[in-house]
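The values are calculated or read from the model by the stated rules, or taken from the named source; none is laboratory data. Computed from a prediction, not measured in an experiment: that's the story for all the values here. Neighbour counts run over all protein chains shown; Cβ positions are idealised from the backbone, glycine included.
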Amino acid sequence: MTTFAELDLLPELQRAVADQGYTEATPIQVKAIPLVLEGRDLMGAAQTGTGKTAGFTLPILQKLARHASTSASPARHPVRALILTPTRELAVQVEESVRVYGKHLPLRATVVYGGVPMDPQTQALRRGVEILVATPGRLLDHVQQKQIQFNQVEFFVLDEADRMMDMGFMPDVRRIISLLPKQRQNLLFSATFSDEIKKLADSFLKNPVMVEVARRNSVAESVTHIAMPVARERKRELLGYLAQDRDWKQVLVFCATRLGANRLAYQLNKDGLHATAIHGDKTQPERQQALEEFKSGKVRLLVATDVAARGLDIEDLPLVVNFDLPTVPEDYVHRIGRTGRAGASGAAIALVSPDEHERLEAIEKLIKLDIPRELVPGFEPDSRVVSSMIGSPERAGRGERSRGRDRDAAPRERGRERGQEPAWLPRNPERRPAERRPAERHAGRGQGQHSADPIFSRPYEPAAPSAQTQAAAPQPLSARPKRQIAALLGGLPKPKSP
């Protein structure tokens, strides 16, 4: 193991690290810090919880120490390091790390992100900061109002680059990069490295060094993975049962949609379990309050969408539950990265409905791991479904799905091609009666014929008009008095003679 004292860090930085109780550097820190201090551009890949934030904040603080000044003049504190993050939570945590590690250096830092008023951020920028942590959208808002100057930026860090791409921030990121000085040091960090991320890196990194301390899309070895087959309509019931039966104290639950997260948190509270939701529709104060209540133990279950898959720093989180499996297998890696951090043990449980079986196989193929299945007594799905989901060890090769089809409809379509439907599909005899045949239902319409379909089993018989309806209906001319007919005819123009 390498200690921070062996990394040639300034005494002020070593003292700040020691104040946090750290003595030994993690693998990503051991590899990244010397390279950044040398001035090299860097591509850093490491799974979450490995300390990669300190891997770039510590060397940046050291190289900016020569600019440290206690002067109150904003002109003495221009932005020299810009750190971009995809989410508000991650931006707050990176800025906090900068403050913690740089507390013995007279360097200023601030963070800007959306969802909160701009005025306090504007005031902090006007006072001058050397290190700015930001999300792309709000940063461009300040640029448009001419609150930020980038002409003295020496360091640019793009953190969680793959998440930036997933969230559609690449146009904003490229615009921001175009505003920076050409002479600067660039650092790109990402939990996973796809071919698209490498193309992005090639566009602005100069002769970068690749630092990878874990294989691509790997998961922490200290995390135990379990898949629990269950019918979709019984997922909430199973989650509540497990939380009570196994006495779960702190669980991060991932849902697919914001509406689903709100609904699940509401239903769990009705069941007597303290739960709250966190997602993109929540304001920043609401998200911070939910996170604080979860960390303090006031809330047992934090129900989140993928907005919380990155940037949530929760110490010793024991369990992550995938209530809905992600459609993108890489998101599974990001989600469960909240547990098993820094070598601590953790567990990842997936509640898998039959229509999510292919997603589970895709995840297993990605992480190169066979996830064991656990059947919870009383919550087993149909026996034929269980056999198909547990299957044989060769199931990893059957996880392909046809492109261009709806994912949930694909099993149904393949079943029809074989002349049968999967056993887990709902069968409602009232909704699909055997005697309803479209050819018979429509046969003979307008000819007094009717099919055996119950809907059309009786001929149409118009109802007799009521007395009120009869009184309101206009009378024919033959039934009217002669004076009314004369009045009507008198109002018409007389025909001209030929």
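Quick notes
Yes/no matrix, rows are residues, columns are (1) touching a residue at least 24 places away in the same chain (Cβ under 8 Å); (2) surrounded by 20 or more Cβ atoms within 10 Å (Cβ to Cβ); (3) under 19 Å from Leu351 (Cβ atoms); (4) not acidic (Asp, Glu):
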residue: Ala231; (1), (2), (3), (4): yes, no, yes, yes
residue: Gly240; (1), (2), (3), (4): yes, no, yes, yes
residue: Leu252; (1), (2), (3), (4): yes, yes, yes, yes
residue: Ala290; (1), (2), (3), (4): no, yes, no, yes
residue: Ala304; (1), (2), (3), (4): yes, yes, yes, yes
residue: Leu325; (1), (2), (3), (4): yes, yes, yes, yes
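- With respect to the conditions (1) surrounded by 20 or more Cβ atoms within 10 Å (Cβ to Cβ); (2) in contact with a Pro (Cβ under 9 Å, 6 or more places away or on another chain); (3) part of a helix (DSSP H, G or I); (4) not polar (S, T, N, Q), Pro34 falls short on a single one, namely (1).
- Residue match in region 74-94 (condition: free of Cβ contacts under 8 Å to residues at least 40 places away in the same chain, within 26 Å of the chain's Cα centre (by Cα) and under 22 Å from Leu179 (Cβ atoms)): no
- If you check Glu315, Glu364 for being acidic (Asp, Glu) and under 29 Å from Ala54 (Cα atoms), only one passes: Glu315.
- Residue match in region 338-355 (condition: at pLDDT 85 or above and among the acidic types (Asp, Glu)): yes
- Of all the criteria given as (1) under 26 Å from Gln289 (Cβ atoms); (2) out of contact with any helix residue (DSSP H, G or I) (no Cβ under 8 Å at 6 or more places or on another chain); (3) modelled with pLDDT of 90 or more; (4) not charged (D, E, K, R), the one not satisfied by Leu90 is (3).
- Residue within region 241-251 that is closer than 30 Å to Pro377 by Cβ, in contact with an Asp or Glu (Cβ under 9 Å, 6 or more places away or on another chain) and part of a loop (DSSP other than H, G, I, E, B) present: yes
- For region 161-171, the count of residues that are in contact with a strand residue (DSSP E or B) (Cβ under 6 Å, 6 or more places away or on another chain) and assigned by TED's automatic domain parsing to the domain that holds Ala46 is at least one.
- Members of region 11-54 that are more than 21 Å from Leu187 (Cα to Cα) and of a type outside the set (Lys, Arg): Pro11, Glu12, Gln14, Ala16, Val17, Ala18, Asp19, Gln20, Gly21, Tyr22, Thr23, Glu24
- Residues that are assigned to a loop (DSSP other than H, G, I, E, B), in contact with a helix residue (DSSP H, G or I) (Cβ under 7 Å, 6 or more places away or on another chain) and of a type in the set (Val, Ile, Thr) within region 148-192 comprise Ile148, Thr192, listed in sequence order.
- Test for Pro181: is it free of Cβ contacts under 8 Å to residues at least 24 places away in the same chain and under 30 Å from Ser71 (Cβ atoms): no
- Of the residues making up region 75-125, those that are polar (S, T, N, Q), out of contact with any strand residue (DSSP E or B) (no Cβ under 7 Å at 6 or more places or on another chain) and surrounded by 17 or more Cβ atoms within 10 Å (Cβ to Cβ) are Thr87, Gln93, Ser97.
- Residue match in region 37-48 (condition: free of Cβ contacts under 8 Å to residues at least 60 places away in the same chain and surrounded by 21 or more Cβ atoms within 10 Å (Cβ to Cβ)): no
- From the options Pro171, Pro117, Pro136, residue that is without any contact (Cβ under 8 Å) to a residue 60 or more places away in the chain and within 30 Å of Ala16 (Cβ to Cβ): Pro136
- For Leu200, the conditions (1) at pLDDT 90 or above; (2) touching a helix residue (DSSP H, G or I) at 6+ places or on another chain (Cβ under 9 Å) all hold with the exception of (1).
- If you go through region 252-303 and pick out every residue that is outside any loop (DSSP other than H, G, I, E, B), in contact with a strand residue (DSSP E or B) (Cβ under 7 Å, 6 or more places away or on another chain) and closer than 19 Å to Arg335 by Cα, you end up with 18.
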